Each structure stands twice: as C-alpha cells, then as structure tokens.
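A.B. asks: So that we are looking at the same thing, I have put the structure below in structure tokens.
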Amino acid sequence: MNTSSNLIATEQRLGANNYKPLDVVLTRGEGVHVWDTDGMRYLDCLSAYSAVNQGHCHPRILAAMVEQAGRLTLTSRAFRNDQLAYLYEELAALTGSHKILPMNSGAEAVETAIKAVRKWGYEVKGVPEGQAEIIVCANNFHGRTLSIISFSTDPDARAGFGPYTPGFRTVPFGDAEALAAAINANTVAVLIEPIQGEAGVIIPPAGYFTRVRELCTANNVTLILDEIQTGLGRTGRLLAEEHEGIEADVTLIGKALSGGFYPVSAVLSNSEVLGVLKPGQHGSTFGGNPLACAVARAALKVLVEEGMIENAEKMGDYFLEGLSSIRSNIVKDVRGRGLMLAVELEPEAGGARQYCYALKDLGLLAKDTHDHTIRFAPPLVITRDQVDWAVEQIEKALT
Ligand SMILES: Cc1ncc(COP(=O)(O)O)c(C=O)c1O
C-alpha cells in the first residue's frame with residue numbers, strides 16, 4: 001500500500017465516521033494550489049469551505065503567526081493581552097461595528113449571538129422570561145452544536161440528537177412576507193445567511209434583505225446575519241450585506257478571519273445587544289487569545305491591502321460567465337455571486353459526487369453539496385488564467 005492508502009485505512013479504522021471526504025490526502029498548499037502525498041497538484045475550489053480566502057499558507061499571515069507563536073500564545077481572558085485591543089480597533093474600523101466578541105469556531109459565534117439576543121430580548125425589549133423566539137430559515141446551515149441543529153431542517157444534521165432546544169421558528173428562505181407573518185411580540189431576532197452556502201449557494205431574490213431589514217427595524221427585532229461563509233470577501237464585498245446596502249445589527253464572521261491558519265470567529269454588533277453580557281455570563285478559554293488576534297489582524301490586512309475583495313468580484317463574474325458557457329445536458333442551473341459559485345446538475349446525472357471525482361482526476365478539487373450540486377469557491381487570489389483552466393476542466397468533466 002502507498003502512503004495515502006495507508007493513511008486512509010488508518011483514518012477509517014480509528015476515526016469517527018462523521019465525514020465522507022474525497023479520497024485525496026493533501027500534504028502541502030500554496031496560493032490556490034494544494035498537493036497530495038503522491039505529488040499531484042490540484043486547484044482548490046473549496047478553500048476549506050471559504051476559510052482559506054487569502055490562499056493557502058499566505059506568507060504574511062504565516063509570518064505573523066510564527067512571530068506571535070514565539071512570543072505569547074494564550075493568556076486566557078483572566079488577563080489582558082497586547083493583541084486583542086488592536087484586533088477590536090481594526091475590525092471596528094473595517095466593519096463599523098461598536099462591540100465585538102471573539103470566539104473560535106463559527107458555531108460558537110452563532111451560539112454566542114443566540115445567547116446575547118435572548119438576554120437582550122428579556123432585558124431590553126421586555127419579552128417575558130423564557131418566551132424569546134428566534135426566526136430562522138428552512139435549509140439553513142449555522143453549525144453543528146445541539147441548539148443549532150435543533151433548528152436545522154436537514155434530517156441528517158438533526159435526527160437522533162433530541163431533545164432539542166426550543167425557541168426557534170422556521171420560515172422559507174427568500175420569502176419576506178412569510179417572515180413578516182412569523183414575527184410576534186416575543187420575536188427577539190431573525191438569523192439568516194445572506195446566501196445559503198451549504199444548501200447549494202442559494203441566492204435570495206433582489207430586495208429580500210431590504211425588506212427583512214425594514215421588518216426587523218419596524219418590529220424591534222435584531223437582524224443577525226451569519227456571514228461566516230459569505231463574509232470577508234467571498235462574494236466580492238467585504239460583507240455580503242453590502243450587495244443590498246443594508247446593515248445587520250449582529251454580524252457573525254469566522255473561517256477566513258484567520259485565513260485558514262487557526263479557528264477564529266467573532267460576533268460584531270451594535271452596543272445594545274452585546275452590551276447585555278456581563279462578566280461570567282459568556283466566554284471561552286481560547287477566545288481572543290493573542291495568537292488568534294495576531295493571525296486575524298494579518299488575515300484582514302492581507303485581504304484588504306492585496307485587493308482580494310475586488311479580485312473576488314472580477315474573477316467571480318468571469319468564472320460565472322465561463323460556467324454559464326458550458327453546454328451540457330446534465331447542467332440544470334449555474335449560479336453564484338463573487339467567488340461563491342455552484343453548478344446544479346439534473347437529477348438524471350446520478351449525483352454530483354462522481355463528477356467531483358472526475359474533476360479530482362483532472363486536478364481540480366470541488367465538493368458536492370446536497371447530492372446534485374457542485375460548489376466552486378476557490379481562494380480569492382485566483383487569476384484569469386487559472387479560472388480559464390478551471391472552466392476547461394469542469395467542461396471536460398460535465399460533457
Ligand atoms: C454559514 C455558516 N455558519 C456557521 C458555520 C459553522 O462554522 P464552524 O464549522 O466553524 O463551526 C458554517 C460552516 O460551514 C457556515 O457555513
């Protein structure tokens with residue numbers, strides 16, 4: 001057996017079976033490319049679910065990480081460190097937020113927001129204790145913790161894990177009038193992804209978020225946008241909310257906040273919502289640690305200073321044009337915004353996974369989502385030539 005078969009066999013023997021990865025064992029990454037243990041190079045069109053927006057092993061983020069790792073990595077929040085204030089300042093300047101709470105994973109940021117808006121509901125809005133409701137959308141994906149899967153509509157994510165956390169109400173995504181009908185006096189928040197990523201890159205109709213914003217403002221409901229996947233340049237804007245010119249009350253970011261080096265997430269908010277959390281009511285040993293802060297500061301700098309957000313818009317339009325030009329009777333739909341793109345296949349195509357394997361053999365890594373859709377989300381540093389090459393391989397695999 002060669003190295004990769006050995007490693008795969010060991011993973012299957014000892015690892016919990018909670019993932020079904022493509023059988024490619026990666027050992028190195030640089031920019032848009034990754035290499036497997038046999039030396040084959042691939043164009044990465046997943047970017048670790050948009051965590052590697054800045055490209056693999058970006059040298060400036062690496063340098064910041066190494067420098068900080070040699071100086072101070074973790075103090076816990078029992079003491080202060082000399083990186084957190086700078087991260088707050090830089091994030092606030094970039095996003096206009098007034099209060100920030102750093103965590104580690106995306107799911108933790110979502111949980112944090114849920115806790116904060118419930119408390120805000122009781123203390124500020126005046127909702128009776130224990131009655132707070134949060135409205136979510138069907139086919140959402142916000143993470144894997146118990147409260148989050150309690151309001152998932154995906155049976156794979158939810159079934160068998162009850163009893164479930166109450167206090168959530170589900171409406172169809174993209175239907176503002178259904179949302180209007182679901183709001184009542186106990187509604188403390190609406191939690192939505194600007195574009196549903198895991199559901200297959202589902203873009204809501206134009207005007208949807210303008211109306212959602214109006215409804216939230218009119219009913220004193222906190223609008224929480226989960227930008228963990230759409231944020232930090234992925235859709236050709238720093239935050240996807242900018243496409244409709246609206247502002248969420250609470251924005252969740254994660255993934256690319258570290259450029260893929262380290263789990264770093266954050267809740268960005270106005271002062272009223274995060275202001276309800278007092279010492280002892282929330283936290284995390286690693287949240288806001290100096291290593292995470294130094295890495296995040298470098299990851300944000302690189303994103304802005306190296307023009308990655310603008311490149312995502314340009315290359316995204318170009319990639320979408322390329323995908324749309326593919327003539328194949330198994331392609332049902334092509335969609336995307338910025339470098340968050342998807343090709344949905346006809347049901348007769350027999351599932352997307354086999355095409356991901358075909359693409360892998362051609363040197364391009366992409367991931368099937370929900371059986372019939374292939375998502376394409378390369379690092380934001382992709383060039384025109386690399387997009388041309390990718391479209392050629394996708395055309396080969398689909399025709
Ligand atoms: C929109 C969205 N929210 C939350 C999460 C959860 O993030 P994490 O896997 O870091 O917990 C994800 C991860 O894919 C996501 O796409």
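A.B. asks: Can you confirm whether Ser50 is outside the structural domain of Gly254 (by TED's automatic domain parsing) and either more than 21 Å from Gly233 (Cα to Cα) or within 16 Å of the ligand (Cβ to nearest atom) (or both)? Explain how you work it out, then say what you get.
C.D. replies: Details: outside the structural domain of Gly254 (by TED's automatic domain parsing): yes; either more than 21 Å from Gly233 (Cα to Cα) or within 16 Å of the ligand (Cβ to nearest atom) (or both): yes.
Considered against the rule, which asks whether it is outside the structural domain of Gly254 (by TED's automatic domain parsing) and either more than 21 Å from Gly233 (Cα to Cα) or within 16 Å of the ligand (Cβ to nearest atom) (or both), Ser50 comes out as yes.
A.B. asks: Another question about this same structure. Tell me which residues, restricted to region 208-224, are touching a residue at least 12 places away in the same chain (Cβ under 8 Å), outside any strand (DSSP E or B) and over 16 Å from His243 (Cα atoms).
C.D. replies: Leu215, Cys216, Asn219, Asn220, Val221
A.B. asks: Go through (1) open to solvent by 40 Å² or more (accessible area, probe 1.4 Å); (2) free of Cβ contacts under 8 Å to residues at least 60 places away in the same chain one by one and return the number of the condition Arg384 breaks.
C.D. replies: Condition not satisfied by Arg384: (2).
A.B. asks: Are any residues in region 237-260 in a loop (DSSP other than H, G, I, E, B) and either among the charged types (D, E, K, R) or buried (at least 23 other Cβ atoms within 10 Å of the Cβ) (or both), and if so, which ones?
C.D. replies: Once the filter is applied, which keeps residues that are in a loop (DSSP other than H, G, I, E, B) and either among the charged types (D, E, K, R) or buried (at least 23 other Cβ atoms within 10 Å of the Cβ) (or both), region 237-260 yields Arg237, Leu239, Glu247, Ala248, Asp249, Gly254, Gly259, Gly260.
A.B. asks: Do we have any residue at all in region 86-100 that's open to solvent by less than 40 Å² (accessible area, probe 1.4 Å), in the same structural domain as Glu198 (by TED's automatic domain parsing) and farther than 20 Å from Gly233 by Cβ?
C.D. replies: Scanning region 86-100 turns up no residue that is open to solvent by less than 40 Å² (accessible area, probe 1.4 Å), in the same structural domain as Glu198 (by TED's automatic domain parsing) and farther than 20 Å from Gly233 by Cβ.
A.B. asks: Can you tell me how many residues within region 186-207 are buried (at least 19 other Cβ atoms within 10 Å of the Cβ) and more than 16 Å from the ligand (Cβ to nearest atom)?
C.D. replies: 2
A.B. asks: Could you please let me know if Leu22 is in contact with a Cys (Cβ under 7 Å, 6 or more places away or on another chain) and in contact (Cβ under 8 Å) with a residue 12 or more places away in the chain?
C.D. replies: Taking the combined requirement at face value, the residue satisfies it.
A.B. asks: Still on this model: Hey, can you tell me all the residues within region 85-120 that are away from the ligand (no atom under 16 Å from the Cβ) and not hydrophobic (A, V, I, L, M, F, W, C)?
C.D. replies: Across region 85-120, the qualifying residues are Tyr86, Tyr88, Glu89, Glu90, Thr95, Gly96, Ser97, His98, Lys99, Arg118, Lys119.
A.B. asks: Condition check: of a type in the set (A, V, I, L, M), more than 23 Å from Gly167 (Cα to Cα) and within 16 Å of the ligand (Cβ to nearest atom). Does Val66 satisfy that?
C.D. replies: So Val66 fails the test.
A.B. asks: In addition: Output the residues belonging to region 370-399 that are closer than 21 Å to Gly260 by Cα and part of a strand (DSSP E or B).
C.D. replies: Arg375, Phe376
A.B. asks: It is to be established whether one or more residues within region 7-14 are touching a helix residue (DSSP H, G or I) at 6+ places or on another chain (Cβ under 9 Å) and at negative phi.
C.D. replies: no
A.B. asks: Right, here's the next one. When you look at Ala9, is it part of a helix (DSSP H, G or I) and surrounded by 13 or more Cβ atoms within 10 Å (Cβ to Cβ), yes or no?
C.D. replies: no
A.B. asks: Can I ask one more? Name the single residue that is most open to solvent (accessible area, probe 1.4 Å) among those in region 112-151 being part of a loop (DSSP other than H, G, I, E, B), under 15 Å from Asp226 (Cβ atoms) and not aromatic (Phe, Trp, Tyr).
C.D. replies: Going through the qualifying residues, I end up with Arg144.
A.B. asks: I'd like to verify a number: residues in region 121-148 that are within 12 Å of the ligand (Cβ to nearest atom) and either acidic (Asp, Glu) or more than 25 Å from Phe161 (Cβ to Cβ) (or both), how many?
C.D. replies: 0
A.B. asks: Now for a different question. Are any of the residues in region 253-267 away from the ligand (no atom under 16 Å from the Cβ) and in contact with an Asp or Glu (Cβ under 6 Å, 6 or more places away or on another chain)?
C.D. replies: Within region 253-267, the first condition is being away from the ligand (no atom under 16 Å from the Cβ), and the residues that meet it are none.
Within region 253-267, not a single residue is away from the ligand (no atom under 16 Å from the Cβ) and in contact with an Asp or Glu (Cβ under 6 Å, 6 or more places away or on another chain).
A.B. asks: Here is a further query. Which pairs do you get when a residue that is at pLDDT 95 or above, found in region 47-72, comes within reach of a residue that is hydroxyl-bearing (Ser, Thr, Tyr) and open to solvent by less than 20 Å² (accessible area, probe 1.4 Å), reach meaning Cβ atoms under 7 angstrom, with the pair 6+ apart or on two chains?
C.D. replies: Asn53/Ser47
A.B. asks: Hey, among the residues in region 291-349 that are touching a residue at least 40 places away in the same chain (Cβ under 8 Å) and of a type in the set (S, T, N, Q), which one's most open to solvent (accessible area, probe 1.4 Å)?
C.D. replies: Ser325
The values are calculated or read from the model by the stated rules, or taken from the named source; none is laboratory data. Keep in mind that this is a model prediction, so the values were computed, not measured. With ideal geometry, Cβ positions are generated from the backbone for all residues, glycine too; neighbour counts draw on all protein chains shown. Ligands, DNA and RNA are stripped out before the accessible areas are found, and what is left, the full protein with its side chains, is counted by its heavy atoms. Shrake-Rupley method; radii C 1.70, N 1.55, O 1.52, S 1.80 Å.
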